[in-house]
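Since every read-out is calculated from the coordinates, none of them should be taken as a lab result. Note that the structure is a prediction, hence the values are computed from the model and not measured. Cβ sites come from the backbone with ideal geometry, for glycine too, and all protein chains shown count toward neighbours.
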Amino acid sequence: MTSQNSVRRVSTVMHVRCPDRLPEEAYRSVLELLAGLSPVVQALPPTAALVELKGALRYHGSDTQRLGEMLRVRAISRLGVDVRIGVGPSITVAATASAQVPSPGGVLAVAPGEAADWLAGLPVEALHGIGERQAAVLRDYGIHTVGLLAAVSPVTVQRLLGGRAGRTASDRARGIDPRPVVPRSLPASAAVRHRFERHVLDGADVRAALLTLVVDLGLLLRRRGQAARALTLQLVFAGGGQWEKTRRLAEPSAHEEDLRALAYQLMDAAGLQRGRLTGIVLRGEDLVDADQVAQQISLDAGREARLVAEGAVDRVRAKFGPDVIGPATVFRRAS
């Protein structure tokens, strides 16, 4: 159901769903693409986002369906990511619409004056915000569609689902959702992960995997133009147990040398003996823009040479791929 009305009457909220398990770097790229459409973008990690379209509609002079299609084409052509887009007069309608778009992608825009009728025909579990347990309770009482939910007295719905949850469900079934889109970017962190194919006890294998993550995290931060103020190391053990610790860097950095030294300190702090590891997660925390980091004058010629070499290696990776060059220890353990 698309809107062909004038800009004055079209829907104003866009809900974007990216593919499941989209890498964080690709997700951030989608958010940047959305920011080029509207200054009001609310990240909904790990793979969704909201966009307020009022300003975009005035600027582009287009209806919401065409605006969604334009965004989808840009996401595919520039990022290689297909998205499912819903547009409506509220967050609830837009998010419900995006969930109705079949994978891998598409656009569904619901006009403001048609939102209530469109919602009415959907199964009750399709309404955004209705969980499985709530839907099961409603179905037990014969409320199978959003239209029936809207027709039931709000007081009755509150008795079935509880006061606050009932009021919210009743309002949203009628298309009432006054929540604004609140500009919000992703949390200031970046994570890289390694999962072992088997339970690992060998300290050399663990250290090689950690070094690989250090290289990957440093490259990710430098590509983003960011630096980390702290690192978090998370170890995942056989049986589901976890160990996690965070330490701050002496100064913000995205350089492998600095990240490696702190990552090794964190690993030593874990005090591993016979723990069987199944995975490692390394996160850069409290990220800042690299241009905000003061460039200290160094008297260490060796460090300066290593930083120059790091820049050269980054250029090689950018041209030939991230796995063509790296620490000798990593390549030796992989062979």
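Quick one: P(r) of the range 191-246 from all Cα-Cα pairs, 5 Å bins, percents rounded to integers, in order of increasing distance.
Binned Cα distances yield the sequence 4, 15, 26, 25, 16, 9, 5, 1.
From the phi of every residue in the range 217-222, what ³J(HN,Hα) in whole Hz does the Karplus formula 6.51 cos²θ - 1.76 cosθ + 1.60 yield, where θ is phi - 60° and glycine or proline is x?
For the range 217-222, the Karplus curve yields 5, x, 5, 4, 5, 5 Hz.
In deg cm²/dmol, rounded to 500, what helix-only [θ] at 222 nm does the chain give when every DSSP H run of at least 4 residues adds -39500 (n - 2.57) and the total is split over its residues? Please list the in-between numbers first.
Values: 13 runs with 144 residues, N = 335.
So the helix-based figure for the chain works out to -13000 deg cm²/dmol.
When the Karplus curve 6.51 cos²θ - 1.76 cosθ + 1.60 is applied with θ = phi - 60°, which whole-Hz ³J(HN,Hα) does each residue of the range 153-159 get, with x for Gly and Pro?
Karplus values, whole Hz, x for Gly and Pro: 4, x, 4, 5, 4, 5, 5.
So between residue 195 and residue 99, what do we pick up on full extension, going 0.36 nm a residue minus the alpha carbon distance?
So the chain would gain 31.5 nm between residue 195 and residue 99.
How large is log10 I(q)/I(0) at q = 0.12, 0.14 Å⁻¹ when the Debye formula is applied to the Cα atoms of the chain, each weighted equally and without solvent?
Log10 I(q)/I(0), no solvent term: -0.95, -1.08.
Under 10 Å, Cα contacts only: if you run a Gaussian network model on the chain, which one of 222, 276, 72 comes out with the highest mean-square fluctuation?
The residue that fluctuates most here is 276.
With θ taken as phi - 60° and the coefficients 6.51, -1.76 and 1.60, list the Karplus ³J(HN,Hα) couplings across the range 169-175 in order, rounded to whole Hz; mark glycine and proline as x.
4, 5, 4, 5, 5, 8, x
Could you work out the local net charge near residue 220, counting Lys and Arg as +1, Asp and Glu as -1, over the other residues with Cβ closer than 13 Å to its Cβ? Mind showing how you got there, number by number?
Details: positive: 28, 193, 222, 223, 224, 283, 317; negative: 24, 25, 216, 256, 314.
Once positives and negatives cancel, what remains is +2.
Residue 72: net charge of surrounding residues, Cβ under 13 Å, Lys/Arg +1, Asp/Glu -1, itself excluded?
+3
Tell me the net charge near residue 146. Cut-off is 14 Å between Cβ atoms, residue 146 excluded, with +1 for each Lys or Arg and -1 for each Asp or Glu.
Combined, the nearby Lys, Arg, Asp and Glu give -2.
For the range 119-163, just the Cα atoms, rotate onto the principal axes and tell me the three extents in Å, largest first.
Principal-axis extents of the range 119-163 (Cα, largest first): 23, 20, 18 Å.
Taking 0.36 nm per residue of sequence separation and subtracting the Cα-Cα distance, how much length would be gained by fully extending the chain between residue 269 and residue 136, in nm to one decimal?
43.1 nm
Take the alpha carbon atoms of the range 146-202, find their center, do the same for the range 78-119, and report the distance between the two centers in whole angstrom.
16 Å
May I ask you to list the GluC sites (Glu not before Pro) in the range 206-289 that are in a DSSP loop and have at most 13 other Cβ atoms within 10 Å of their Cβ?
none
Would you grab the residues whose amide H sits under 5 Å from the one on residue 196? Only those 5+ places off in sequence or on another chain, please, with H modelled 1.01 Å from N.
Distant-sequence amide H within range of residue 196: 279, 280.
Find the all-direction average of the projected area of the Cα convex hull for the range 53-177, expressing the result in square nanometres with one decimal place.
8.3 nm²
Nearest-5 percent of antiparallel DSSP beta bridges in the chain?
Close to 90 percent.
Report, to the nearest 10°, how far helix 24-35 tilts away from the longest principal axis of the Cα atoms in the chain, using its own Cα long axis and a range of 0 to 90°.
50 degrees
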